[in-house]
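Student: Just passing along the structure, written as structure tokens.
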Amino acid sequence: MELNGNEPTTLRIRGMVCDRCVSAVRRNLEALGLAVLDARLGQVTVEAPLSPEQLGLVRSVLDAEGFSLLNDRKVTLLTDVKAYLHDLVRRGDLAERHGRLSNRLAGHFNVDYAALSALFSAAEGVTLEKYVISLRLDQVRERLVYTDQPLAEIAYQTGFSNVQHLSNQFKRETGLTPAYYRRVRREKERLQHAATPVA
């Protein structure tokens with residue numbers, strides 16, 4: 001949390017991992033009468049410094065919603081790294097043409113990647129690489145079920161070198177094939193069409 005005179009205050013918040021989380025936190029802080037200037041994964045900026053009483057109210061509201069304020073610098077770094085990775089995956093910005101992910105993380109956060117990776121593994125109980133693979137595969141699943149994108153395009157946008165690499169990784173981590181998820185999508189569409197009344 002950054003406090004400085006009459007400058008805006010940035011609150012670092014654990015548990016904000018999706019757009020719905022951002023909306024929920026914004027709504028709750030505005031309900032407390034705080035002017036939210038910016039809300040994004042892992043942080044919210046409010047218009048002015050918070051009194052200890054306001055900070056207590058914010059902490060209570062966030063705790064009730066399953067979020068929490070962060071003060072520890074290492075925890076804040078990890079939260080920022082996760083938010084950055086979620087954003088990259090959501091935007092389909094993992095292609096190698098943007099550079100190796102390890103170099104991008106090191107450059108973006110101005111830290112040694114090996115130290116960051118060790119910190120992440122110790123705190124999260126999973127390697128940074130495994131965490132990224134999990135995020136990428138979640139995005140693949142979502143695109144398979146909710147879009148018509150060809151598998152080659154999905155592979156490219158989620159940072160896999162080719163369709164075979166994606167399929168192998170997908171099968172290894174989930175036990176299922178991408179084709180299975182495409183069938184789920186087709187079945188959902190079939191059921192929706194069957195349930196639509198004929199005029």
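Student: Scanning for something closer than 25 Å to L137 by Cβ, in contact with a Ser or Thr (Cβ under 7 Å, 6 or more places away or on another chain) and surrounded by 16 or more Cβ atoms within 10 Å (Cβ to Cβ), does segment 96-106 turn up at least one residue?
Tutor: Kept after step one, since they are closer than 25 Å to L137 by Cβ, are these residues of segment 96-106: 96-106.
Now restrict to residues that are in contact with a Ser or Thr (Cβ under 7 Å, 6 or more places away or on another chain): none.
For segment 96-106, residues closer than 25 Å to L137 by Cβ, in contact with a Ser or Thr (Cβ under 7 Å, 6 or more places away or on another chain) and surrounded by 16 or more Cβ atoms within 10 Å (Cβ to Cβ): absent.
Student: For segment 55-69, give me each residue that is of a type in the set (S, T, Y) and at pLDDT 90 or above. Steps first, please.
Tutor: We begin by selecting, within segment 55-69, every residue of a type in the set (S, T, Y); these are 60, 68.
Selection gives S60 alone.
Student: Moving on. Quick one: count up the residues across segment 47-64 that are more than 17 Å from C21 (Cβ to Cβ) and among the aliphatic types (A, V, I, L, M). Reasoning before the result, please.
Tutor: From segment 47-64, those more than 17 Å from C21 (Cβ to Cβ) are 47-57, 60; that's our starting set.
From what is left, the residues that are among the aliphatic types (A, V, I, L, M) are 48, 50, 55, 57.
So the count comes out to 4.
Student: Is segment 43-51 home to any residue that is outside the structural domain of A179 (by TED's automatic domain parsing), of a type in the set (V, I, T) and touching an Asp or Glu at 6+ places or on another chain (Cβ under 8 Å)? So that I can check it myself, show each step before the final result.
Tutor: If we filter segment 43-51 for residues that are outside the structural domain of A179 (by TED's automatic domain parsing), which is where we start, we get 43-51.
This time we only want the ones that are of a type in the set (V, I, T), so: 44-46.
Next cut, touching an Asp or Glu at 6+ places or on another chain (Cβ under 8 Å) only: 44-45.
Yes, segment 43-51 has at least one match.
Student: Here is a follow-up. Of the residues V81, V46, V75, V111, only one is touching a Leu at 6+ places or on another chain (Cβ under 6 Å) and of a type in the set (V, I, T); which? Explain how you work it out, then say what you get.
Tutor: Details: V81 fails: touching a Leu at 6+ places or on another chain (Cβ under 6 Å); V75 fails: touching a Leu at 6+ places or on another chain (Cβ under 6 Å); V111 fails: touching a Leu at 6+ places or on another chain (Cβ under 6 Å).
Result: V46 is the single residue among V81, V46, V75, V111 that is touching a Leu at 6+ places or on another chain (Cβ under 6 Å) and of a type in the set (V, I, T).
Student: Write out, first by first residue and then by second, each pair whose Cβ atoms fall under 6 Å of each other, whose residues are 6+ apart or on separate chains, and whose first residue, in segment 28-42, is at positive phi while the second is part of a loop (DSSP other than H, G, I, E, B).
Tutor: G42/M16
Student: Among the helices (runs of 4 or more DSSP H) lying completely within segment 1-95, list those that include at least 3 residues that are basic (K, R) and under 20 Å from the mean Cα position of the chain (by Cα). It would help to see each step written out before you state the result.
Tutor: On the way: elements: 19-31, 52-64, 73-91.
Filter on segment 1-95 gives 19-31, 73-91.
Student: Which condition number in (1) out of contact with any Ser or Thr (no Cβ under 6 Å at 6 or more places or on another chain); (2) polar (S, T, N, Q); (3) closer than 17 Å to L85 by Cβ; (4) loosely packed, with under 14 Cβ neighbours inside 10 Å is the one that Q169 fails?
Tutor: (4)
Student: Could you please let me know if A152 is more than 21 Å from K82 (Cα to Cα) and either out of contact with any Asp or Glu (no Cβ under 8 Å at 6 or more places or on another chain) or exposed (fewer than 13 other Cβ atoms within 10 Å of the Cβ) (or both)? Talk me through it step by step, then tell me what you get.
Tutor: Working: more than 21 Å from K82 (Cα to Cα): yes; either out of contact with any Asp or Glu (no Cβ under 8 Å at 6 or more places or on another chain) or exposed (fewer than 13 other Cβ atoms within 10 Å of the Cβ) (or both): yes.
When the stated conditions are applied, A152 passes them.
Student: Using beta carbons and a limit of 8 Å, which pairs, at least six apart or on different chains, have the first residue in segment 170-199 and touching a residue at least 40 places away in the same chain (Cβ under 8 Å) and the second one loosely packed, with under 12 Cβ neighbours inside 10 Å?
Tutor: Taking only residues 6 or more apart or on different chains, the pairs are R185/Y146.
Student: So, in segment 92-131, exactly how many residues are modelled with pLDDT under 85 and closer than 30 Å to T147 by Cα?
Tutor: Residues flagged as modelled with pLDDT under 85 and closer than 30 Å to T147 by Cα within segment 92-131 amount to 9.
Student: Here is a further query. Condition test on V25, is it more than 20 Å from H86 (Cβ to Cβ), touching a strand residue (DSSP E or B) at 6+ places or on another chain (Cβ under 8 Å) and outside the structural domain of V89 (by TED's automatic domain parsing)? Please lay out each step first, then the result.
Tutor: Working: more than 20 Å from H86 (Cβ to Cβ): no; touching a strand residue (DSSP E or B) at 6+ places or on another chain (Cβ under 8 Å): yes; outside the structural domain of V89 (by TED's automatic domain parsing): yes.
No, not satisfied.
Student: Moving on. What about V111, is it touching a residue at least 12 places away in the same chain (Cβ under 8 Å), assigned to a loop (DSSP other than H, G, I, E, B) and surrounded by fewer than 18 Cβ atoms within 10 Å (Cβ to Cβ)? Let's see the steps before the verdict.
Tutor: On the way: touching a residue at least 12 places away in the same chain (Cβ under 8 Å): yes; assigned to a loop (DSSP other than H, G, I, E, B): yes; surrounded by fewer than 18 Cβ atoms within 10 Å (Cβ to Cβ): yes.
So V111 fits the description; yes.
Student: While we're on this one: State all residues of segment 134-187 that are assigned to a helix (DSSP H, G or I), closer than 20 Å to G99 by Cβ and of a type in the set (S, T, Y); if no residue qualifies, say none.
Tutor: Y156
Student: If you scan segment 78-107, which residues turn out to be under 17 Å from R40 (Cα atoms), touching a helix residue (DSSP H, G or I) at 6+ places or on another chain (Cβ under 7 Å) and aliphatic (A, V, I, L, M)?
Tutor: L78, V81, L85, V89
The values are calculated or read from the model by the stated rules, or taken from the named source; none is laboratory data. Worth saying up front: this structure is predicted, and the values here are computed from it rather than measured. As a convention, Cβ positions derive from the backbone with ideal geometry for all residues, glycine included, and neighbour counts pool all protein chains shown.
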